[in-house]
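The values are calculated or read from the model by the stated rules, or taken from the named source; none is laboratory data. Values in this document were obtained by computation on a predicted structure and should not be read as measured data. Virtual Cβ from ideal backbone geometry, glycine too; neighbours counted across all protein chains shown. Surface areas here come from the heavy atoms of the whole protein model, side chains and all, with no ligands, DNA or RNA. Shrake-Rupley method; radii C 1.70, N 1.55, O 1.52, S 1.80 Å.
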Amino acid sequence: MTPTVSTISDFDHAVPDFEPGGFADHTTPLIRNCWYVAALAHEVSREIINRRLLGIDVALYRTLAGVAVAVRNRCPHRSFPLAKGKLEGDILVCGYHGMQFDPSGRCVNMPAMPIVPTNANVRTFPVAERGPLIWIWMGDPDHASEHLIPDTSWLDSAAWKSVGGAFHIKSDYVSMHENLLDQTHFPFLHPGAIGTPEYARSRLKVRVEDNMVIIDRELRDSPPPGVYAVPTGLTGQPVDRLSDARFVSPALHTAYARIIDRHDASGEPRTYRFNISHIFTPESQNAIHYWWFCSRNFKLEDAATDTHLLNASSKAYQEDVDALEWILDVVSRDAEPQFDLNFAPDKPGLLMRQVLYRLAAAEAGITV
């Protein structure tokens, strides 16, 4: 399917003054040349739905063959929301004047006119389905290579079991990524669940590779936090905890945790693996769609483990949501400006903010 190429006016925004060495914040223009998640696969069906993504209202549906389609949710005639229309086979029919659009966005029939105007097309967006996720490219369609879609293959692997949830957050994706790269808050915002004081004090290594910010952390011979202790049966027992947390792209943060029991009854070390996926798509400058998954490679059929990981993760991520919404509320309403202090443990988040700043500047045609 060839997307309808939008005009440059679809991307026009006020360009801020980018400066060398700058850091992204909640006012930095959103990155558009990136694969984001539009919806979970089960949300998109023959019933048309709409979702606002990067400030643009998008209608989503499936063809008779099951292929996901994303179009701008505005008829090019009088801006009637196409999600309020209907599907006739693979044809999307506007509910206002009956204009009919095929999955490429081309108008194939206009009941009020014998000849369809050649410019009566609706913008479509490249989409790709990967396991439980439907990815969408909101930027220049000429750059929408599917090779750029981040790897989340464990979400669709028989070797892993995942639980997950979703939030709509009144915050920005810069702050959410920074929150996840800030592991020193774990024992205080999520006491007993995710972080421990020993983990917050453990040594970390941070590096940047191809615009990814990667944190490696090790904590040896220390009890695991509750979220990992209960499913592994290692509450209160000393283990080695190794983690790799990554800012992968504007749309994705992943964390790979290994809990190593060196005192397993088998006499050999046993490793329990958890993959955590945090997926963000900005709805607007200060609101995001947020999906999360907690995946494991053991006890795949154990319902009690599912319940524990779902409840523990949901509680922790709700705490993150609350904190970020409180922060944005203060930042937005407080009349007196404040320059927030930064300390050594903030380095991963600052590196991420520099990456986003450079990407935003590049999309504006500026090199910093």
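Yes/no per residue for (1) among the small types (Gly, Ala, Ser); (2) under 25 Å from the mean Cα position of the chain (by Cα); (3) under 21 Å from Val163 (Cα atoms):
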{"site": "Ala229", "(1), (2), (3)": "yes, no, yes"}
{"site": "Thr232", "(1), (2), (3)": "no, no, yes"}
{"site": "Asp240", "(1), (2), (3)": "no, no, no"}
{"site": "Ala251", "(1), (2), (3)": "yes, yes, yes"}
{"site": "Ser266", "(1), (2), (3)": "yes, no, no"}
{"site": "Ser277", "(1), (2), (3)": "yes, yes, yes"}
{"site": "Pro282", "(1), (2), (3)": "no, yes, no"}
{"site": "Trp291", "(1), (2), (3)": "no, yes, yes"}
{"site": "Ala303", "(1), (2), (3)": "yes, no, yes"}
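With Gln318, Gln285 as the choices, which residue is under 18 Å from Lys170 (Cβ atoms), out of contact with any strand residue (DSSP E or B) (no Cβ under 9 Å at 6 or more places or on another chain), surrounded by fewer than 18 Cβ atoms within 10 Å (Cβ to Cβ) and in contact (Cβ under 8 Å) with a residue 24 or more places away in the chain?
Exactly one of Gln318, Gln285 is under 18 Å from Lys170 (Cβ atoms), out of contact with any strand residue (DSSP E or B) (no Cβ under 9 Å at 6 or more places or on another chain), surrounded by fewer than 18 Cβ atoms within 10 Å (Cβ to Cβ) and in contact (Cβ under 8 Å) with a residue 24 or more places away in the chain, namely Gln285.
For Val368, the requirement of being over 21 Å from His278 (Cα atoms), open to solvent by 40 Å² or more (accessible area, probe 1.4 Å), of a type in the set (Val, Ile, Thr) and assigned to a helix (DSSP H, G or I) is not met. Within the stretch 112-134, the only residue that satisfies the criterion of being in a loop (DSSP other than H, G, I, E, B), under 17 Å from Trp154 (Cα atoms) and out of contact with any strand residue (DSSP E or B) (no Cβ under 7 Å at 6 or more places or on another chain) is Gly131.
Return yes or no: is Leu54 hydrophobic (A, V, I, L, M, F, W, C), at positive phi and under 19 Å from the mean Cα position of the chain (by Cα)? Here the answer is yes, as Leu54 does meet what is asked.
Evaluated against (1) under 24 Å from Glu218 (Cα atoms); (2) open to solvent by 70 Å² or more (accessible area, probe 1.4 Å), Tyr272 falls short on exactly one condition, (2). For Asp329, indicate whether it is surrounded by fewer than 18 Cβ atoms within 10 Å (Cβ to Cβ) and at pLDDT 95 or above. So Asp329 fails the test. In the stretch 200-240, which residues are surrounded by fewer than 18 Cβ atoms within 10 Å (Cβ to Cβ) and either assigned to a loop (DSSP other than H, G, I, E, B) or among the hydroxyl-bearing types (Ser, Thr, Tyr) (or both)? Across the stretch 200-240, the qualifying residues are Ser202, Arg203, Asp210, Asn211, Ser222, Pro223, Gly233, Thr235, Gly236, Gln237, Pro238. Look through the stretch 261-288, keep the residues that are in contact with a Leu (Cβ under 7 Å, 6 or more places away or on another chain) and of a type in the set (Val, Ile, Thr), and return whichever of them is nearest to Ala159 (Cα to Cα). The selected residue is Ile279. For the stretch 110-120, does any single residue satisfy the condition of being open to solvent by less than 20 Å² (accessible area, probe 1.4 Å) and not hydrophobic (A, V, I, L, M, F, W, C)? No: the stretch 110-120 contains no residue that is open to solvent by less than 20 Å² (accessible area, probe 1.4 Å) and not hydrophobic (A, V, I, L, M, F, W, C).
What pairs come out if I take residues in the stretch 145-171 that are without any contact (Cβ under 8 Å) to a residue 60 or more places away in the chain and among the hydroxyl-bearing types (Ser, Thr, Tyr) and pair them with residues that are open to solvent by less than 50 Å² (accessible area, probe 1.4 Å) and not in a loop (DSSP other than H, G, I, E, B) whose C-beta lies under 6 Å away, six or more apart or interchain? No pair meets every condition. Of the residues making up the stretch 312-335, none is of a type in the set (Phe, Trp, Tyr) and closer than 17 Å to Phe23 by Cβ. Take the conditions (1) in a helix (DSSP H, G or I); (2) touching a Pro at 6+ places or on another chain (Cβ under 7 Å); (3) modelled with pLDDT under 95; Leu155 misses just one of them, which is (3).
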